[in-house]
Structure formats: structure tokens, C-alpha cells
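The values are calculated or read from the model by the stated rules, or taken from the named source; none is laboratory data. Model, not experiment: these values are computed from the prediction. Quick reminder, even Gly has a Cβ in these numbers, built from the backbone with ideal geometry, and neighbours come from all protein chains shown. Calculation scope for accessible area: heavy atoms of the full protein, side chains included, ligands and nucleic acids excluded. Shrake-Rupley method; radii C 1.70, N 1.55, O 1.52, S 1.80 Å.
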Amino acid sequence: SSAANIPVNLNLCKRLGLNPDTYTISIPLGATINMAGASITISVLALAAAHTLGVSVDLPTALLLCIVSTVGACGASGVAGGSLLLIPVACASFGIGNDIAMQVVGVGFIISIIEDACETALNSSSDVLFTATAEYASRARKGTLKAEDMVPKEEVEE
């Protein structure tokens, strides 16, 4: 689903007046490995399971979970519901057994229609956000950033 947004994101980058040499690389790469939404899903569902079971989670463990979820989510791209398959790994870090972890995955499947749409929206929008931020920061360093650069151009024809 993130890959389906590549043409939309490329058009948006063109409308923002970004450098095509940058966004033609960053947008497809981001659609492949930038899975912020999947990372959040894994972390939130694992933390919810831990809280439900009364498992105390300290800050360093939660931070480690977020890092592991982020790295794991990069490998889950292109797999429908791939983030849900990493929940047992995240739950194992809290000592939660596979039987309970798979129940959490079941809950994930139940909410997946809304959850997957939100994941994809976050994944795709952050691709453009990171690309534009890098471009605007580069322009600001060079002193070539203008106020009108921050406003999208009219619809660009393909």
C-alpha cells in the first residue's frame, strides 16, 4: 500500500518544487524502508499487551522496544499486515508467551482496516516530509530558501 503512493508522493514533491535528483531516490526508498506506522503499531500493541497483563515496563525497555520495532518494521515492508507478524517478537521482550501474543495479533487483524490505513498514511506522508525537510535545510544552509518555496505550486501535469 505504501508503494501505491509513490506516484502521488512524486507528484507532490514536484509541486513543492523539490530537486528531482533527490526525490526520485528518496520517495521509492522511503516506500520500501520508512515504516514509521508499522513501528508504532508494533510498539503500541506490545505495550498494550504488557499493560493489560500487569507487566511493568521501564523507560529503557520501552525505548529498546521502539528501536527493535523500527528496525523490524523496515523488513516488514511490502507484506500485507507485516507489522502484525512482528508483535510476538516484541511481546517476547516482556516475557509474554506466544499464546497471548497471537491473541494480540488477532486483535490487530480485527482493527486492521482502520489501523492499516493509518499506517500507510503515516508511512507515505513522512516520506515527503523527510524529503522536503532535507531539501529545505539544504537550501537554508546555502541561503537560497525563499518564503514562496514553502507553498505548493499549482497542479503539475505529468
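Structural remarks
- Those residues of region 34-63 which are over 19 Å from GLN103 (Cβ atoms) and either surrounded by 12 or more Cβ atoms within 10 Å (Cβ to Cβ) or of a type in the set (Ser, Thr, Tyr) (or both), in sequence order: ASN34, MET35, ALA36, GLY37, ALA38, SER39, ILE40, SER56, THR61, ALA62
- The residue that is modelled with the lowest pLDDT, counting only those in region 105-128 that are open to solvent by 40 Å² or more (accessible area, probe 1.4 Å) and over 23 Å from THR32 (Cβ atoms), is ILE113.
- Qualifying residue in region 89-98 (condition: touching a residue at least 40 places away in the same chain (Cβ under 8 Å), in a helix (DSSP H, G or I) and not hydrophobic (A, V, I, L, M, F, W, C)): no
- Within region 78-97, the set of residues being open to solvent by 30 Å² or more (accessible area, probe 1.4 Å) and under 13 Å from the mean Cα position of the chain (by Cα) comprises GLY78 only.
- Residue check, LEU12 out of contact with any Phe, Trp or Tyr (no Cβ under 6 Å at 6 or more places or on another chain), over 22 Å from PHE94 (Cβ atoms), open to solvent by less than 30 Å² (accessible area, probe 1.4 Å) and touching a residue at least 60 places away in the same chain (Cβ under 8 Å): no
- The single condition among (1) touching a residue at least 40 places away in the same chain (Cβ under 8 Å); (2) surrounded by fewer than 22 Cβ atoms within 10 Å (Cβ to Cβ); (3) of a type outside the set (Gly, Ala, Ser) that VAL68 does not meet is (1).
- Cβ-Cβ contacts under 8 Å between residues 6 or more apart (or on different chains), taken from a first residue in region 129-141 that is open to solvent by 40 Å² or more (accessible area, probe 1.4 Å) to a second residue that is basic (Lys, Arg) and assigned to a helix (DSSP H, G or I), are absent.
- Residue that is in a helix (DSSP H, G or I) and more than 17 Å from ASP116 (Cα to Cα), where the choices are VAL8, VAL44: VAL8
- For region 98-114, the criterion of being more than 13 Å from the chain's Cα centre (by Cα), charged (D, E, K, R) and over 30 Å from HIS51 (Cβ atoms) is met by no residue.
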